[in-house]
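Notes to accompany the following structure.
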Amino acid sequence: MNIYQERRQRLSSQLGPMDVAIIPTAPTRTRNRDSDHPYRFDSYFYYLTGFVEPDAVLFVNAAGESVLFCQPKDLEREIWDGYRLGPEEAPNALGVERAHSIGEINHYAPQYLANTESVWYPFGTHEGFDQKINTWIATLAQRARAGVKAPQVLKNACSILDEMRLIKDAHEIQIMKDACSISAKAHIRAMQYSAQALREKKSIAEYHLEAEMLHEFRRHGSESVAYTSIVAAGANACVLHYRADKAPVKEGDLVLIDAGCELNGYASDITRTFPSNGRFTGPQRDLYALVLQAQEASVAATRAGVAFTAPHDACLKVLSQGLLDLGLLNTNEHGHVDDIIEHRHYAAYYMHRTSHWLGLDVHDCGSYVQAPSPQSLTTTSWRQLALHAPNSNPTPSTNASPAPRTLEAGMVLTIEPGLYVRPSASAPEAFWNLGIRIEDDAWVREDGVELISREVPVAIDAIEHLMST
């Protein structure tokens, strides 16, 4: 049994005895006219199949049987678009029990849904897919007088799959380590290129550094970027979702690069901030040292058994005290550390969270609060589904805030404190237009935490030494 078969068995074991799960992959998407965007499969579907072709749907029942609908063999289309596995080879290649052409799904789907009780599928992830399921169920409802029962309940398959994907197995961890290694090499390449170009009095822009990183990603076999790369020089680093553009990288700038590759479907996510010429100025060094200290506190707080919020809480304490020490906040106006945290005064300079899950998606699935069991979640009659928005997943109201998720061995999260100082009368001018973020990918283990992205340095002396060569 391969890892994908094992995952399908785990999904199957969590279905009711008369339930079926249906998981589609992503469609191809037109970029413009007759040109498509590069294809990227659906993460849920890939997690269960390892199959990367478009136009496919997976059925899994409570007995552990899997049925795949995929593109048929078509030698004419394969000349233009590439090899297709086809339904004849799919059972042997993917370990599914049966496979059919995707063109036959409207014929076979009602048969696989007949006399079942509930249908699980990912709510709100594929436009129009719920309507397809409604059509198949409506076909069965018309056969009620013949004794055929149609499923009466729709359930969100994400509630099961998110929990499964949140804990990474050894196979996934190794891929993510490899992805981080490639991304680290790319960050190092960009840092060294920046310093060397400025030493040689060359004019460089943000897109030059992005190009160095993209070259390194592909050179080592990654399929793509995991997300749109942020390469921000000078004041642009204070824009959180800035994209690499044409701005010049100037002598004395700080450069913030938030970029990671995707390898075999899995994301890496690394941010480094460095002086363009390889030498920190005094204010840059002071602010950077504070962010690094905050990250070190966050890492120390990250381990199995603590709340997901523990790294963020540790970060806030260090940043809040540091903002007072550097004169960016003051006790007369903002109080002491506890006051700053309670009233969120730090948010003028630090406005995002310290962590997010990482996996097949760069902001990976999984609840950040303690999750109820899938079987206890609110269910929806298929006839009522049209009354709800596509992303609707009602939960019982409660007066108490949900408890934060407890970290467990096998989870992977980012740890990414930052500070962003825009020109302001309340901020010392020496810090204006400095944006700093340091981000690493953390694998929670039974015995602590391992940063799998540290092949690229973070210490001030190490960065300056690296960029001097």
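The values are calculated or read from the model by the stated rules, or taken from the named source; none is laboratory data. Here the structure is a predicted model, which means the values were calculated and not measured. All Cβ positions, even for glycine, are placed from backbone atoms using ideal geometry, and neighbour counts span all protein chains on display.
Assorted remarks:
- Identification of strands (runs of 3 or more DSSP E) wholly contained in the range 91-208 with 2 or more residues that are free of Cβ contacts under 8 Å to residues at least 60 places away in the same chain yields 98-101.
- Residue match in the range 299-306 (condition: in a loop (DSSP other than H, G, I, E, B), closer than 20 Å to Ile230 by Cβ and touching a Cys at 6+ places or on another chain (Cβ under 9 Å)): no
- Which numbered condition Leu161 misses (of (1) surrounded by 20 or more Cβ atoms within 10 Å (Cβ to Cβ); (2) in the same structural domain as Leu419 (by TED's automatic domain parsing)): (2)
- Among the residues of the range 254-287, those that are over 30 Å from Arg165 (Cα atoms) and β-branched (Val, Ile, Thr) comprise Val255, Thr273, Thr281.
- Hits in the range 437-461 (condition: of a type in the set (A, V, I, L, M, F, W, C), farther than 27 Å from Cys238 by Cβ and not in a loop (DSSP other than H, G, I, E, B)): Trp443, Val444, Val449
- Screening Ile175 with (1) closer than 22 Å to Ile438 by Cβ; (2) in contact with a strand residue (DSSP E or B) (Cβ under 9 Å, 6 or more places away or on another chain) gives one miss only, at (1).
- Answer from Pro38, Pro27, Pro17 - the residue that is assigned by TED's automatic domain parsing to the domain that holds Tyr108, farther than 24 Å from Leu358 by Cα and outside any helix (DSSP H, G or I): Pro17
- Considering the range 45-65, and only residues there that are under 27 Å from the mean Cα position of the chain (by Cα) and assigned to a loop (DSSP other than H, G, I, E, B), the residue that is surrounded by the most Cβ atoms within 10 Å (Cβ to Cβ) turns out to be Ala56.
- Considering the range 308-332, and only residues there that are touching a helix residue (DSSP H, G or I) at 6+ places or on another chain (Cβ under 8 Å) and outside any helix (DSSP H, G or I), the residue that is surrounded by the fewest Cβ atoms within 10 Å (Cβ to Cβ) turns out to be Asn330.
- Of all residues making up the range 238-274, the number that are farther than 27 Å from Lys177 by Cα and buried (at least 19 other Cβ atoms within 10 Å of the Cβ): 4
- Just one of the listed residues (Asp74, Asp42) is more than 23 Å from Pro110 (Cα to Cα) and within 25 Å of the chain's Cα centre (by Cα), namely Asp42.
- Residues that are under 21 Å from Ser43 (Cβ atoms) and of a type outside the set (A, V, I, L, M) within the range 259-295 comprise Gly260, Cys261, Glu262, Asn264, Gly265, Tyr266, Ser268, Asp269, listed in sequence order.
- Of everything listed in (1) under 26 Å from Leu263 (Cβ atoms); (2) over 26 Å from the mean Cα position of the chain (by Cα), the single unmet condition for Thr28 is (2).
- Selection status of Ser203, farther than 30 Å from Val60 by Cβ, buried (at least 22 other Cβ atoms within 10 Å of the Cβ) and not assigned by TED's automatic domain parsing to the domain that holds Pro122: no
- Subset of the range 209-237 (residues that are buried (at least 20 other Cβ atoms within 10 Å of the Cβ) and in contact with a Gly (Cβ under 8 Å, 6 or more places away or on another chain)): Val225, Ala226, Ala232, Asn236, Ala237
- Boolean, Leu68 is in a loop (DSSP other than H, G, I, E, B) and in the same structural domain as Asp42 (by TED's automatic domain parsing): no
Matching residues to (1) closer than 20 Å to Arg10 by Cβ; (2) at pLDDT below 95; (3) among the charged types (D, E, K, R); (4) not assigned by TED's automatic domain parsing to the domain that holds Leu413:
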position	(1), (2), (3), (4)
Pro87	no, no, no, yes
Ile105	no, no, no, yes
Val119	yes, no, no, yes
Thr135	no, no, no, yes
Arg145	no, yes, yes, yes
Pro151	no, no, no, yes
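- Verdict on Glu464 being closer than 30 Å to Asn236 by Cα and part of a helix (DSSP H, G or I): yes
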